2 protein chains.
Amino acid sequence: MKPNGTVLVTGGAGYVGSHTVVELLNSNYSVIAIDNLVNCYAHKKEKPESLKRVEQLTGQTIVFYDVDIRNRQALDKIFKSHKIDSVIHFAALKAVGESVKTPLTYYQNNIAGSSTLFEVMQANGVKNVVFSSSATVYGTPQFLPMTEDHPTGQNCTNPYGKTKYFVEEILKDVCIADPDWKVISLRYFNPVGAHESGHIGEDPSGVPNNLMPYISQVAIGRREKLYVFGDDYPTKDGTGVRDYIHITDLAIGHLKALQKMSEPDFKGWKTYNLGTGQGYSVLELIEAFSKASGKKINYAIVHRREGDVATSYADPSLARKELHWQATKGIDEMCRDTWKWQKQNPNGFKKE
Amino acid sequence: MKPNGTVLVTGGAGYVGSHTVVELLNSNYSVIAIDNLVNCYAHKKEKPESLKRVEQLTGQTIVFYDVDIRNRQALDKIFKSHKIDSVIHFAALKAVGESVKTPLTYYQNNIAGSSTLFEVMQANGVKNVVFSSSATVYGTPQFLPMTEDHPTGQNCTNPYGKTKYFVEEILKDVCIADPDWKVISLRYFNPVGAHESGHIGEDPSGVPNNLMPYISQVAIGRREKLYVFGDDYPTKDGTGVRDYIHITDLAIGHLKALQKMSEPDFKGWKTYNLGTGQGYSVLELIEAFSKASGKKINYAIVHRREGDVATSYADPSLARKELHWQATKGIDEMCRDTWKWQKQNPNGFKKE
């Protein structure tokens, strides 16, 4: 048991989860990771490859359970077998387009699952949680940059976004019901990049849903070209503008949240944006990736995609002020580290 | 099997459920009722008393299962054992104050439960559902009377209301994902009264959460006095104004919804208010009940209750136009039938 206590990380084998586990281990937290492995590669019944790599990177051991958060009995057994101080809750399905096609699967996994997790936490007296939320809770931006008091839940155009919003509402109600709870909901803008070692990174199964892994797979030759959805938005070059944030910066935000929650006067529900505050267009990201990789990125402009907004970026000043956190890595490092990961692992975690 | 097909009624032993089952049976529907019996009285392992009374009233038989909607296997077995045409989904926890104290229980029962039900329906090809929603989804009224296009989900002050709102959102997404679904969400204003026979009625366990059963229990002598929460609202007499609707009118609204869904061109998601369009104050309801019962109702004015609004009433014209439904029973009949039920059953369904 390490000096900063034990953190249970749900979805610990995933992209944000695994990078956060690295930072936790490097900062003297013990980690118990759980994951149902639906979105990550594990060889047979072994520990998922991402977490094996984390163990190699850090020289430390992670307790891992192949468990679904909807499995109340299994969760309860884990809470009874370990002294858990806090939970970082990443486990969720996260593909926007898929969520439109199979909404019930999303509501079951993300809402029923989260609510089961919180019930088991409550029953076991563990009442500290950092929740992996998303800027998608803001829906279509009503003003920019978006601050934490931007309205949420209005014009959420897809079930994925609604699940993040609903879980935030559930957590708010949990804090009202029981003032012992401490909850920080971190609203991510667009996480990209990889650990600077290139040993772990984003490993989407099938066609990537997000821009950066798509660009990267075009650069490595796994995909022929990138489709850019619309170049007639009211932005600098007509393509959509987003607030990209390096995954390591994002991971460190979770540690800062844990530290914040450990302050004696912290209580109840609180939310922070995690973004850089800086917007880049699709074409700018392509250009930066070209530079970092030395590869030409083939792309084609196609029609706008329903539900996309022109511009989205964070006001990250609250996190700077209260969490003493801010992003330190810029777009060049985001591209450099993505490319390093992609080159070292052209097919992601799966070896063949 | 009856000419209008078979309806599965979840929460069929409850207040709205049991009254709706009466109307279904009287209109040539076969009924399968399920209920987890947490909010209704059943003697040992027998059929719940409310449904026994419905069978006596109608001279017909109800297939009943003691099943919780969160139990996927049991639900699936029911769908595989019967040819079910439609579902009327009442099953939910419904006490506003309790929901503030135990939000996770509400989210589990109402959201996880509903989503499990819809998944089992989808898997079994049953895609018609009437959902028991509530005017509480409108939150604090932004205008009166409230039409169906009043914003929802904003300023829902309690988890109960949020669960109704969330389930509506889930159903909207289900309809987007699969155009074969037909969904009508009925937004109830304030259901009161009892079947005119006095054989079935509202039977709250413990202290009633709603005004009418409280008044009625004061009239019969089970409670000493009624507490009226605030007489300084901007209403005709300072007490809160609500749109009360007779339970039999409400029940018939569900049949009208089933009929609407069976029209060949009906598809997707649709919502209707069920109310009279007429608001009565607390003092007016007390007065009407006094008249109907011949009893003096002791009451005391106390402070406002957090989360209560001054005035709420429906614009029920959409249901009149499209469902060919309108409330036919006024406040005197609401009080008369409540009192008949209360007199015949001073302790509700429980005999001793």
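Some notes on this structure:
- Which numbered condition B:ASN36 fails, given (1) more than 30 Å from A:ASP173 (Cα to Cα); (2) at pLDDT 95 or above: (1)
- Test result for A:GLN56, surrounded by fewer than 16 Cβ atoms within 10 Å (Cβ to Cβ) and either touching a helix residue (DSSP H, G or I) at 6+ places or on another chain (Cβ under 7 Å) or within 22 Å of A:PHE349 (Cα to Cα) (or both): yes
- Flag not set for B:GLY268, criterion: without any contact (Cβ under 8 Å) to a residue 40 or more places away in the chain and on the phi > 0 side of the Ramachandran plot.
- Scope the range B:225-250; condition closer than 14 Å to B:TYR272 by Cβ and part of a helix (DSSP H, G or I); matching residues: B:ASP249, B:LEU250
- Search result, residues across the range A:172-186 that are acidic (Asp, Glu) and within 11 Å of chain B (Cβ to nearest Cβ): A:ASP173, A:ASP178
- Some residue of the range B:138-148 being under 24 Å from A:SER99 (Cβ atoms) and either surrounded by fewer than 19 Cβ atoms within 10 Å (Cβ to Cβ) or in contact (Cβ under 8 Å) with a residue 24 or more places away in the chain (or both): no
- A single entry from B:ASP231, B:ASP249, B:ASP237 fulfils the requirement of being surrounded by 19 or more Cβ atoms within 10 Å (Cβ to Cβ) and among the acidic types (Asp, Glu): B:ASP249.
- Positions within the range A:1-14 being modelled with pLDDT of 95 or more and touching a Ser or Thr at 6+ places or on another chain (Cβ under 8 Å), in sequence order: A:GLY5, A:THR6, A:VAL7, A:LEU8, A:VAL9, A:GLY11, A:GLY12, A:ALA13, A:GLY14
- Condition met for A:VAL218 (among the aliphatic types (A, V, I, L, M), closer than 30 Å to A:GLU55 by Cα, within 14 Å of chain B (Cβ to nearest Cβ) and in contact with a strand residue (DSSP E or B) (Cβ under 6 Å, 6 or more places away or on another chain)): no
- Failed criterion for B:ARG187 (all others in (1) part of a loop (DSSP other than H, G, I, E, B); (2) within 14 Å of the chain's Cα centre (by Cα); (3) not hydroxyl-bearing (Ser, Thr, Tyr) hold): (1)
- Test for B:HIS254: is it at pLDDT 95 or above and either over 19 Å from B:GLY330 (Cβ atoms) or assigned to a helix (DSSP H, G or I) (or both): yes
- The set of residues in the range A:256-269 that are of a type in the set (Lys, Arg) and surrounded by fewer than 19 Cβ atoms within 10 Å (Cβ to Cβ) contains only A:LYS267.
- Cβ pairs under 7 Å, 6+ apart, first in the range A:212-237 and at pLDDT 95 or above, second surrounded by 17 or more Cβ atoms within 10 Å (Cβ to Cβ) and among the acidic types (Asp, Glu): A:PRO213/A:GLU202
- The range B:161-184 - residue that is in a helix (DSSP H, G or I) and charged (D, E, K, R) and, of those, surrounded by the fewest Cβ atoms within 10 Å (Cβ to Cβ): B:LYS172
- Beta carbons closer than 8 Å, at least 6 apart along the sequence or on distinct chains, pair a first residue in the range B:62-89 that is closer than 21 Å to B:ALA257 by Cβ with a second that is of a type in the set (Phe, Trp, Tyr) for B:HIS89/B:PHE131.
- Count of residues meeting criterion [under 24 Å from the mean Cα position of the chain (by Cα), farther than 23 Å from A:TYR41 by Cβ and surrounded by fewer than 16 Cβ atoms within 10 Å (Cβ to Cβ)] in the range A:59-82: 1
- Residue within the range A:122-129 that is within 19 Å of the chain's Cα centre (by Cα), part of a helix (DSSP H, G or I) and buried (at least 24 other Cβ atoms within 10 Å of the Cβ) present: no
- Any chance B:ALA112 is at pLDDT below 95 and either within 14 Å of chain A (Cβ to nearest Cβ) or buried (at least 17 other Cβ atoms within 10 Å of the Cβ) (or both): no
- 2 or more residues in contact with a strand residue (DSSP E or B) (Cβ under 7 Å, 6 or more places away or on another chain) and within 23 Å of B:TRP181 (Cα to Cα): qualifying helices (runs of 4 or more DSSP H) within the range B:1-104: B:15-26
- The residues in the range A:190-207 that are part of a loop (DSSP other than H, G, I, E, B) and surrounded by 21 or more Cβ atoms within 10 Å (Cβ to Cβ) can be counted, and the count is 7.
- Within the range A:324-352, the set of residues being in contact with a Leu (Cβ under 9 Å, 6 or more places away or on another chain) and either surrounded by fewer than 18 Cβ atoms within 10 Å (Cβ to Cβ) or more than 17 Å from A:PRO208 (Cβ to Cβ) (or both) comprises A:TRP325, A:ALA327, A:ILE331.
Table: residues versus (1) within 26 Å of A:SER50 (Cβ to Cβ); (2) touching a strand residue (DSSP E or B) at 6+ places or on another chain (Cβ under 9 Å); (3) away from chain B (no Cβ under 14 Å); (4) of a type in the set (Phe, Trp, Tyr).
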site	(1), (2), (3), (4)
A:TYR188	yes, yes, yes, yes
A:PRO191	yes, yes, yes, no
A:GLU202	yes, yes, yes, no
A:TYR214	yes, yes, yes, yes
A:VAL228	no, yes, yes, no
A:LYS236	no, yes, yes, no
A:GLY240	no, yes, yes, no
A:HIS246	yes, yes, yes, no
A:LYS260	no, yes, yes, no
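- Of everything in the range A:121-171 that is in contact with a Phe, Trp or Tyr (Cβ under 6 Å, 6 or more places away or on another chain) and of a type in the set (Val, Ile, Thr), the residue that is nearest to the other protein chains (Cβ to nearest Cβ) is A:ILE170.
The values are calculated or read from the model by the stated rules, or taken from the named source; none is laboratory data. Everything numeric here is computed off the predicted structure, so don't read it as measured data. Because the Cβ atoms are built from the backbone with ideal geometry, glycine has one as well, and the counts that use them run over all protein chains shown.
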